[in-house]
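Colleague: One structure is given below, represented as structure tokens, and several questions about it will come after.
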Amino acid sequence: MTGARHAIVTGCSSGIGRAIAERLLADGWAVTGLSRSETSLGPRFRWLHADLSDPASVAETAAGFDPADALVHAAGYQRTALLGELDPEALAGMFAVHVGAASALANEVVPRMPDGGRVLLIGSRTSTGAAGKSQYAATKAALMGMGRTWAQELAPRGITVNVLSPGPTDTPMLADPGRAATPPMLPALGQLVDPEDVAALAGFLLGPHGKSITGQNYVICGGASL
């Protein structure tokens, strides 16, 4: 994969992570994808198995990576419940995947990242709160604080750090029984967010014209925030 810009993308087997990986490949990047399910996306793509629920093992895997020009943490899942029915294990699991894995990966990857690199964290519109999603929202809100802090730390190196927060997106996660307590609702524009639209915005933020944007949160929600 020499010669092309190199991106590491988690959650590459489906949904938003896969759409971002495909977008970057179309834009000429070489992509290393991390997920539990094996994925093949073409000649400039390399898949590695990773259990993102175990941040320590993720850090060990990342220690062997070639230097990356971009890190995208898109892996995630959702468990929902109302107050009084919250499951501590669900919170711990989502925190490990959403926050712990992002922290472990960045800690290994970013010190070796060339100046002018990119970090993109996939958050959620619900990070500001949504009934039945307090634990999920809390883990996604943590990405906001972590990302803005990294943006401050990395600004002297020209490395940007941003959060991209989709609303209800047309991905397999919407059919996960673990989130059945809060079925998705169509946003104001009348259709679920297209993963490729999320990937297009990610491609801009990761590309050459994203160099002046850092520490920001971009909501792409089909009008669900109206």
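Colleague: Quick one: is Ser57 free of Cβ contacts under 8 Å to residues at least 12 places away in the same chain and outside any loop (DSSP other than H, G, I, E, B)?
Modeller: On the way: free of Cβ contacts under 8 Å to residues at least 12 places away in the same chain: yes; outside any loop (DSSP other than H, G, I, E, B): yes.
So Ser57 fits the description; yes.
Colleague: Among (1) crowded, with 23+ Cβ neighbours inside 10 Å; (2) at pLDDT 95 or above; (3) in contact with a helix residue (DSSP H, G or I) (Cβ under 7 Å, 6 or more places away or on another chain), there is one condition Met144 misses while meeting the rest; what is its number?
Modeller: For Met144, the failing item is (1).
Colleague: Could you list, in sequence order, all residues of region 60-79 that are under 18 Å from the mean Cα position of the chain (by Cα) and either at pLDDT 95 or above or in a loop (DSSP other than H, G, I, E, B) (or both)?
Modeller: Listed by number, the residues that qualify are Ala68, Asp69, Ala70, Leu71, Val72, His73, Ala74, Ala75, Gly76, Tyr77, Gln78, Arg79.
Colleague: Still on this model: Within region 40-54, how many residues are open to solvent by less than 70 Å² (accessible area, probe 1.4 Å) and free of Cβ contacts under 8 Å to residues at least 24 places away in the same chain?
Modeller: Our first condition is that a residue be open to solvent by less than 70 Å² (accessible area, probe 1.4 Å); within region 40-54, this holds for 41-42, 45, 47-48, 50-54.
From what's left, free of Cβ contacts under 8 Å to residues at least 24 places away in the same chain: 42, 48, 51.
Qualifying residue count, region 40-54: 3.
Colleague: What number goes with the only condition from (1) closer than 18 Å to Ala202 by Cα; (2) open to solvent by 10 Å² or more (accessible area, probe 1.4 Å); (3) touching a Phe, Trp or Tyr at 6+ places or on another chain (Cβ under 8 Å) that Val161 does not pass?
Modeller: All conditions are met except number (2).
Colleague: Out of region 116-134, which residues are surrounded by fewer than 21 Cβ atoms within 10 Å (Cβ to Cβ) and either touching a Leu at 6+ places or on another chain (Cβ under 9 Å) or among the hydroxyl-bearing types (Ser, Thr, Tyr) (or both)?
Modeller: Thr128, Ala131, Gly132, Ser134, listed by residue number.
Colleague: Collect the residues in region 104-119 that are over 13 Å from Ala75 (Cα atoms) and either in contact with a Phe, Trp or Tyr (Cβ under 6 Å, 6 or more places away or on another chain) or part of a helix (DSSP H, G or I) (or both), keeping them in residue-number order.
Modeller: Passing the criteria: Ala104, Ala106, Asn107, Glu108, Val109, Val110, Pro111, Arg112.
Colleague: Taking the stated definitions as given, is Gln191 of a type in the set (S, T, N, Q), over 14 Å from Leu71 (Cα atoms) and modelled with pLDDT of 95 or more?
Modeller: Here the answer is no, as Gln191 does not meet what is asked.
Colleague: Hey, does region 42-53 have a residue that's assigned to a loop (DSSP other than H, G, I, E, B), within 18 Å of Leu120 (Cβ to Cβ) and not polar (S, T, N, Q)?
Modeller: yes
Colleague: Does region 80-89 contain any residue that is outside any loop (DSSP other than H, G, I, E, B), out of contact with any Asp or Glu (no Cβ under 9 Å at 6 or more places or on another chain), modelled with pLDDT of 95 or more and farther than 19 Å from Val119 by Cβ?
Modeller: Our first condition is that a residue be outside any loop (DSSP other than H, G, I, E, B); within region 80-89, this holds for 88-89.
Filter once more, keeping what is out of contact with any Asp or Glu (no Cβ under 9 Å at 6 or more places or on another chain): 88-89.
Checking which are modelled with pLDDT of 95 or more leaves us with 88-89.
From the residues that got through so far, the ones that are farther than 19 Å from Val119 by Cβ too are 88-89.
Within region 80-89, one or more residues are outside any loop (DSSP other than H, G, I, E, B), out of contact with any Asp or Glu (no Cβ under 9 Å at 6 or more places or on another chain), modelled with pLDDT of 95 or more and farther than 19 Å from Val119 by Cβ.
The values are calculated or read from the model by the stated rules, or taken from the named source; none is laboratory data. On a predicted model such as this, the values are computed, not experimentally measured, just so you know. Note: ideal-geometry Cβ built from the backbone for every residue, glycine included; neighbour counts use all protein chains shown. We work out accessible area using only protein heavy atoms, side chains counted, and drop any ligands, DNA or RNA first. Shrake-Rupley method; radii C 1.70, N 1.55, O 1.52, S 1.80 Å.
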